[in-house]
Every structure is written in C-alpha cells, then in structure tokens.
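Trainee: Here it is, the structure, as structure tokens.
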Amino acid sequence: MPARVSIFVTCIVDQLFPQVGMAMATVLERIGYTVEFPEAQTCCGQPAFNSGFRDEARTVARHTLAALENCEYVVVPSGSCAAMLSHHYADLFPASSQERAAAAALTPRVFEFSQFLTEVAKRKEVGAKFDGAVTYHDSCHALRELKIKDAPRRLLAAVQGLELREMDAAEECCGFGGTFSVKFAGVSGAMARTKLDSIVRTGASAVVSIDSSCLMQLQGAIARAGLPIRTLHLAEVLAGQ
Amino acid sequence: MSARFDQKISETLADPRLQLAIYTATGRLMSHRKAVVSEDALPEYQELRTQASAIKRHTIENLDWYLEEFERNVIAHGGHVHWCRTATDVADVVLGIAKQRGARLIVKSKSMTTEEVDLNERLSHHGLESVETDLGEYILQLMHQTPYHIVAPALHLTRQDVAKVFEDSLGVPHDIVIENQTLTARGVLREKFLNADIGISGANFLIADSGAVTIVENEGNARLSTSAPQVHIAIAGIEKLIPRAQDLATFLKLLARSATGQPLSVYTSFLSGPRKPGEVDGPTEFHVVLLDGGRTKLLADAEKRESLHCIRCGACLNHCPVYRKIGGHSFPWVYSGPIGAIITPQFHGLDSEPALPFASTLCGACAEVCPVKIDIPKILLELRAEVRDVEKQNADGQLERAAFRAFAYLAVRPKLWSRVLAFGRRLPVWPLGPAGAWFSERELPVPAARSFRELWKERQGR
C-alpha cells in the first residue's frame, strides 16, 4: 500500500466547503495514509472548458499538470473535477504535444475519493458511524464518465447506523451544470425541484453525493423550499465517528 | 440568448399542465426502453450499439459510394432517384411529379425530413392538399403546429386537448375516449387514402445493396400511404443509408427499443420499386428524393461528422432532463432535444441560436442511451468553443470572455488566487449578475470563513 496520497480539493471545496476537504483528509489518514496538499493547485479549469474558452482551459490545465506532476496518487472529492483531470485534459492538447503526454501520465493516477477507497485502498468500510437514513445522488460525470455507481453506495451501506435508501431518480441530473445554473436559472431550478421531490419521497434526512457542486445546487433548492433535509458529501459521512 | 428561446422556455416552465404532460410521457418512454434493453431482455444490447455505431461510421465515411450504389439499385427496380440540395428543390420535385400526374390530393406518413423542408406549406401554396396520416401528425396539422418530439409528435397534448381540436376542426362531439378519437381520425383519413393521387413517406433506412426503403411504424398509415396511391415518393436525408439489407438485423433491434421500448414496431415495410408485372397492388411509380440540406457540410467536418449517424429514435430527448423541462417547441428548429441542439447549429449556423449549445448540463444521459453512440456532450463542447471563436471575431460576449481571462490569469497564480478569493468570500454578495440569477431559484451558499488551504496550513503547523 502506498503511504502517500496527494489531494486535489477542487476550487469549490477550497472556497465554499473546506470541511469536505478536511473530512477527506481525516478519512485517508485514519486508514493509514500520509496526506499531502500540493499548494500550487487552484482549479482544474473545467469552468472555462465547459464554457467554450479552450485557451483559458489550456492555460489552467498546464498549470495543474505541473502542480500534480510528482504526485503518485491524486485523490479528488469530486467526480466531475476528477473526470476533467483524467479524461478531458488530453482532449485539450494536440496528439504529439508534451502536455498530451503529461495528461496521459496523469490519467491513471487520478482517483475520485470513493474510487480511491475501494479500488486502491481496497476498503469495504472506514470505521464510520452515522445515525439516520440517507439517500445517494449520482452525480452525472462520476456516473457516466467515471462509471462510479456502486463504490459510494457500498461505502455508505457499511457505515454503522446508516440506512441507505434509494431514490427513484438517483441518476437524474440535479440541474447544476456550472454556468448553466445561472444562464438557464429557471430550467436549472426546475430540475433541482424534480430531484428534490424524489429525495423527499425516500423520507431520508440527508442526501449524500460525491460532488460538492451538486450538493450546493440541492442545498440551495432545499433551503428555498424550507425542507428539513441535510446535504452531505460522502467524505463528511465517512469522517463521522 | 434570443428573446424567442428565452420566452418559449419561460412559457413552458410556467405551464404546470404542460410540464406534467412532458414529464409523464417521456418518463413512460424511458421506463419502457429500460425494460427492453436490460441485461435479461437483450444481453447483446451493448454489442449491438457498438456494431450499429461502426456500421454508421463506415457508411457515412463512404457515403458517396453507397449513395451511387443505392441509386443504381433503385433504377434497376424501375424507380426514380432525385437529388436535392435544398428544401426548395424537394418541393420542386414533388410539384413536378404532381403536375405530370394532374394530382390534387396527397397523403403523407410521418417524416421529419419533410418537416425539415416544410413540405406541406410549400405544397399548399400550389393548391395541393397534403394530409398527414400519422395520428399525432394529423392532430398537429389541424392545430397548425410542428412536431413536439421526433418520434411522438403530439407528446405534449392530452386527450382533453385532442377532444377539443377534433370538436373545433372536425365538428364532432367532444369525446375524451382515445379509442373514439382514433376512430374519428380513421374515418376522415380512410377517405383520403382512397382518393389520394400521391403518397409521400419518409424513410428510416435506405438500403444500398437492394435499393429499398425501410419504414417502421405502429399505425399502418405509412403502409397505406405508400401502397394505396398510384405514386409513392419517399423523401429522405442522404445520411439514412445503410450498406446491406442484413445490417437491418442490427438497426431494427435497436430502433424501436430505443424509441418506444417495443422489441419491434408493429409494421416494418420494405419497399423497392413500383408494382411489377403480375403484382396486384402497390404504386405504379416509385420515387426516392435524396436531400442534402446541409448534410454534406457536416460530412466535411471530421470532429462532428458523427452527428449524421443519428437514426432519429428520440431516446436522447426522452432522457434529457433539459428537454423534459423546456419541451420541443422551445427549440429553434423541428429537431429538438440533444440531437436538435447539435444539428441545428450545424445545419443553420451557430447564430440561429447561439445559446443552444449552452442549454445543457452536459449530464451525458443522451450519449448513454444513444443506440449509435453519438457523443453528444463532446459535440456540444465543440460547438461552445466555436461560439466563442465567432464572438471573438465579432467582439461579442466581451464580459464573459474577460471574466474567464481573469479566471485563467488568477488560476495559474495560486497566491494571488487565494488572496482575491478570500476577499471575494467576504463581499456581501459575490458577482451580482450570476448571484442574482442563482438567487432567483435557490438560496445562496454561505461562503466558508476560511478556505481549505488556510485550514490546512493551520493544521500542518500544529
């Protein structure tokens, strides 16, 4: 088992949900890893990439490739940002470029958090406790780009005291979509409310995801609707004892 | 975003009855599809997708070859092939045939290609009556509406809506029983079938090695349209080609399953050439009209060419969480949903609706269910980048470009990045415009007092 892992916390966790990054570090340390935070990291560049600003995305990608160059494992508390690092960086650079080679070298070293716990650390559980019923929201990029479906569910189901309840629309998008959430605010809000209806039907007291951006969207809609439902990142649940 | 796009979206979102109709109908199609492509029902499903994608790729990359082979075989069977570059050319071909035959009445089966060229409208200008015979299309024709969905054109209508349309347009008593509504339409349409001079259809597949047109349908109206009148004209985009009749084994297993969740549609017709000596029925003239209509332009684009692989099953619409909210009529063209979002800008130019490629969360549900594996999110991303290039040339979208330039500038300077964001987190409301749009639908997140990197530094220093 490698002793060291680097964490890429993503800009949204860094700025808005630092407790998620801390929780992820806590869990990784609890199962025996030394956690490093490469300080040059900022954002993966996905906002620019998804908005069509390829030059800006390339600039940020080059920076991040350099920042993570010497990391053996890069663990990310987001399926979306992990997919950007592992799948889309390569698309940004021409086939024979140095950056393409660097991106190709980074791809096998990037792991979304639940993926890392189950595939690299080979953990079925991490000694967590939680009191109550939760439902799990599949974030789109984790589900469809990284094919992550069972890992977070298995980890949740193994948490002592936690009851996992499936919602009928688990795989439906929450409606965030980066700048989509403000460019098409009405559509985005309507999508969030459809998702909320499905969450409410489970009777769970919290919705768990592996992407903080989805949780920000759901939290905003839950607060607006005045519902007594918490939004939790998987790391926060797994850090609980 | 154009005012039209914005307004149509708002109207659709604000109509609870319409919202329920769209969500329920697409949800039903989703669950039907899921049942018939499951591991138990169709273990070879993923393999079929791979095969279908490979056949389409091969065909589209050798389209010149297969089109000529198709033409040779249609002619060998006694049919005629017409090559049309534009919508006007298609109308001219049909008008020419109608004039020659002294035709007045045309029956039409469902065809998105004819919607694309606005055929009914063009024909009516020349005094020809062209009647839609697919039930959904017939209802829409009475309402003067375009299809809401590629496969289910009247998906947005309830039986109450239909009862009202029939009452108003046909003068029949208000009746919300679907079976009775069908009988009403049937009564009107039978007369049309028997008296029509020409039958016009689309095509689901054009088969190169046999010069045949394949049509799948559930109502039988396409079979009647193509066999009762003396003249049959099939109108299809050039991308509908497949090389061999045996390739249908792959596509027919996927098409109805993806579209409506049926293992096979009720009728599958193979039409090749006019009535032959000794045959007792069928048309005496058989025409195939092949439309370019912008397709060769796509063909020249290696990055996005796979947009032409589409077999128009509509699964991407049903599974699109955006389509399920904004519906079909919000889209700028007759092709709606994810496939519409990628082909509209390619056929009509990016400026037909510059916001269209951005009207997606890139959730990927469309690509996941596409039977020919078109990577729609990837093409949307390409189109977004193209929109930015155009904006740059025209000095449009300056504010957003400046914002992303600043973002990239800061993102490669970690210390400055942290300082600027730390300041930003303390502002009462961060950048007013986007925050305002966010707040219109949701509460704003409360920024953390300290960033992760600040907390981390403190923890390490402990």
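The values are calculated or read from the model by the stated rules, or taken from the named source; none is laboratory data. Bear in mind the structure is a predicted one, so any value in this text is a computation, not a measurement. Using ideal geometry, Cβ is built from the backbone for each residue, glycine included, and neighbour counts are taken over all protein chains shown.
Trainee: Within the set of pairs 6 or more residues apart or between chains, which connect a residue that is more than 12 Å from B:R72 (Cα to Cα) and touching a residue at least 40 places away in the same chain (Cβ under 8 Å) inside region B:196-210 to a residue that is charged (D, E, K, R) and part of a strand (DSSP E or B) with Cβ atoms less than 6 Å apart?
Mentor: From region B:196-210, the pairs are B:I200/B:K108.
Trainee: Looking at region B:399-406, can you tell me whether even one residue there is at the interface with chain A (Cβ under 8 Å from one of its Cβ atoms), surrounded by fewer than 16 Cβ atoms within 10 Å (Cβ to Cβ) and under 26 Å from A:A66 (Cβ atoms)?
Mentor: Of region B:399-406, the ones at the interface with chain A (Cβ under 8 Å from one of its Cβ atoms) are B:400-401, B:404-405.
Remaining after also requiring surrounded by fewer than 16 Cβ atoms within 10 Å (Cβ to Cβ): B:405.
Applying the additional criterion that residues be under 26 Å from A:A66 (Cβ atoms) yields B:405.
Looking for residues that are at the interface with chain A (Cβ under 8 Å from one of its Cβ atoms), surrounded by fewer than 16 Cβ atoms within 10 Å (Cβ to Cβ) and under 26 Å from A:A66 (Cβ atoms), one finds at least one in region B:399-406, hence yes.
Trainee: Out of all the residues in region B:354-377, which are part of a helix (DSSP H, G or I), over 19 Å from B:S2 (Cα atoms) and within 16 Å of the chain's Cα centre (by Cα)?
Mentor: B:A365, B:C366, B:A367, B:V369, B:I376, B:P377
Trainee: Which of the residues belonging to region B:267-305 are of a type in the set (A, V, I, L, M), surrounded by 13 or more Cβ atoms within 10 Å (Cβ to Cβ) and more than 21 Å from the chain's Cα centre (by Cα)?
Mentor: B:L271, B:V288
Trainee: Same structure, new question: Scan region B:266-284 and report the pairs whose first residue is under 15 Å from B:G211 (Cα atoms) and whose second residue is at pLDDT 95 or above and of a type in the set (F, W, Y), with Cβ atoms within less than 7 Å and a gap of 6+ or a chain change.
Mentor: Close Cβ pairs (under 7 Å, with a partner that is at pLDDT 95 or above and of a type in the set (F, W, Y)) amount to B:G273/B:F286; B:P274/B:F286.
Trainee: Could you list, in sequence order, all residues of region A:149-186 that are over 21 Å from A:L227 (Cβ atoms), at the interface with chain B (Cβ under 8 Å from one of its Cβ atoms) and either among the basic types (K, R) or part of a helix (DSSP H, G or I) (or both)?
Mentor: Hits for region A:149-186 are A:F180, A:V182, A:K183.
Residue-by-condition table, conditions (1) facing chain A (nearest Cβ under 7 Å); (2) of a type in the set (D, E, K, R); (3) out of contact with any Lys or Arg (no Cβ under 8 Å at 6 or more places or on another chain):
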residue: B:E368; (1), (2), (3): yes, yes, no
residue: B:I374; (1), (2), (3): no, no, yes
residue: B:E382; (1), (2), (3): no, yes, no
residue: B:E386; (1), (2), (3): no, yes, yes
residue: B:N394; (1), (2), (3): no, no, yes
residue: B:W417; (1), (2), (3): yes, no, yes
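Trainee: Under the condition of being surrounded by fewer than 23 Cβ atoms within 10 Å (Cβ to Cβ) and touching a residue at least 40 places away in the same chain (Cβ under 8 Å), which residue from region A:172-215 is nearest to the chain's Cα centre (by Cα)?
Mentor: A:G178
Trainee: Does B:D351 satisfy being part of a helix (DSSP H, G or I), more than 7 Å from chain A (Cβ to nearest Cβ) and surrounded by fewer than 20 Cβ atoms within 10 Å (Cβ to Cβ)?
Mentor: The answer is yes for B:D351.
Trainee: So which helices (runs of 4 or more DSSP H) stay within region A:1-110 end to end and still have 3 or more residues that are more than 12 Å from every other protein chain (Cβ to nearest Cβ) and surrounded by fewer than 24 Cβ atoms within 10 Å (Cβ to Cβ)?
Mentor: Working: elements: A:11-15, A:18-30, A:46-50, A:54-67, A:79-83, A:89-92, A:98-106.
Answer list for region A:1-110: A:98-106.
Trainee: Can you name every residue in region B:277-309 that is in a loop (DSSP other than H, G, I, E, B) and closer than 21 Å to B:E68 by Cα?
Mentor: B:D292, B:G293, B:G294, B:A300
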